[in-house]
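K.L.:
What follows is a single structure, and I will ask about it in a moment.
The values are calculated or read from the model by the stated rules, or taken from the named source; none is laboratory data. All values reported here derive from a predicted model rather than from experimental measurement. Please note: Cβ atoms are built from the backbone with ideal geometry, for glycine as well, and neighbour counts cover all protein chains shown.
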Amino acid sequence: MMQILYKEINSFLNSLIAYVIIAVFLTGIGLLMWVFPETSVLEYGFADMGSFFSFCPYIFMFLIPAITMRMFAEEKRGGTMELLLTRPIRDIDIIMGKYLAGVFLVAFSILPTVLYYFTLSYLGSPEGNIDTAGVVGSYFGLFLLGAAFTSIGIFSSSFTENQVTAFVIAVFLSFFMYFGFNAISGLGIFRSVAELIDQIGMMYHYNAMSKGLIDTRDLIYFLSVIGAMLLLTNLILRSRKW
């Protein structure tokens, strides 16, 4: 597993597209948070990172599929997938190696944004007047959301050799899992079970963690989504062997 992990990280960081993707992410979120008047935190008059954590999930829906789309699709297109599967390594080790590499790259993309917290803390009046517990909880929720999107991206890349197709499928599934159930719960015909349907979606649990409260139910939810997606990926790989 560790060999796969190192291989994927080195392969991504040695390519130009890696830095283009990360640069686009940081530039986009930076413009939304600091420059555009409608969303700039400087226009609010108080130190708060709410806008950052509100926009990040939607940017993640495109950033993470761009990271994961090549994980299995490139192996299949290049003809190295069969060679990889015949090596003395378990399928789950291959999947976990690629998945953990994706999670590492997502964390690597998020890390520079911690500077926003220190900047707002410095700009606060008085200095340090910022909800630290809320920020920590939100970052933890953002990391779990990114990990869940990564598992969706790995799953999408596992059953196609076309990277564009893997990207589109991952974007659609990520969007539906995050926003779809919330939208469905708002329909009148589901009024009696609206809250239950809403809780199936990622938005409900991400918003709960953004309040700074780490609830085990939210943690179990994200781990369940990740486990289900990796299990489906494993089933697909096993089916390709026969």
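K.L.:
Report, by residue number, each residue of segment 28-65 that is charged (D, E, K, R) and either modelled with pLDDT of 85 or more or not in a loop (DSSP other than H, G, I, E, B) (or both).
P.N.:
Hit for segment 28-65 is Glu43, nothing else.
K.L.:
Any residue that is at pLDDT below 75 and in contact with a Lys or Arg (Cβ under 7 Å, 6 or more places away or on another chain) - is there at least one of those in segment 68-88?
P.N.:
Checked against the condition, which is being at pLDDT below 75 and in contact with a Lys or Arg (Cβ under 7 Å, 6 or more places away or on another chain), segment 68-88 yields at least one hit.
K.L.:
For segment 186-198, check the following and say yes or no: at least one residue is under 13 Å from Phe222 (Cα atoms) and more than 18 Å from the chain's Cα centre (by Cα).
P.N.:
no
K.L.:
Okay, next question. If you check every pair at least six apart or on different chains, which have Cβ atoms under 6 Å apart with a residue in segment 204-228 that is more than 14 Å from Ser54 (Cα to Cα) first and a residue that is surrounded by 14 or more Cβ atoms within 10 Å (Cβ to Cβ) and among the hydroxyl-bearing types (Ser, Thr, Tyr) second?
P.N.:
Pairs found: Ile226/Ser151.
K.L.:
Here is a list: Gly124, Gly128, Gly137. Which entry is crowded, with 18+ Cβ neighbours inside 10 Å, at pLDDT below 90, farther than 25 Å from Thr233 by Cα and not hydroxyl-bearing (Ser, Thr, Tyr)?
P.N.:
After ruling out the rest, the residue left standing is Gly137.
K.L.:
Identify, by number, the condition in (1) in contact (Cβ under 8 Å) with a residue 24 or more places away in the chain; (2) surrounded by fewer than 20 Cβ atoms within 10 Å (Cβ to Cβ); (3) touching a helix residue (DSSP H, G or I) at 6+ places or on another chain (Cβ under 7 Å) that Thr150 doesn't meet.
P.N.:
(2)
K.L.:
How many residues are buried (at least 17 other Cβ atoms within 10 Å of the Cβ) and either in contact with a Cys (Cβ under 9 Å, 6 or more places away or on another chain) or assigned to a helix (DSSP H, G or I) (or both) when one looks only at segment 208-235?
P.N.:
Count: 11.
K.L.:
Among (1) within 29 Å of Ile130 (Cβ to Cβ); (2) modelled with pLDDT under 90; (3) part of a helix (DSSP H, G or I), there is one condition Ser239 misses while meeting the rest; what is its number?
P.N.:
It is condition (1) that Ser239 fails.
K.L.:
Hey, among the residues in segment 176-189 that are in a helix (DSSP H, G or I) and surrounded by fewer than 15 Cβ atoms within 10 Å (Cβ to Cβ), which one's modelled with the lowest pLDDT?
P.N.:
Going through the qualifying residues, I end up with Gly188.
K.L.:
Look at Val171 and say whether it is among the β-branched types (Val, Ile, Thr), part of a helix (DSSP H, G or I), crowded, with 20+ Cβ neighbours inside 10 Å and modelled with pLDDT of 90 or more.
P.N.:
Against the criterion (among the β-branched types (Val, Ile, Thr), part of a helix (DSSP H, G or I), crowded, with 20+ Cβ neighbours inside 10 Å and modelled with pLDDT of 90 or more), Val171 qualifies.
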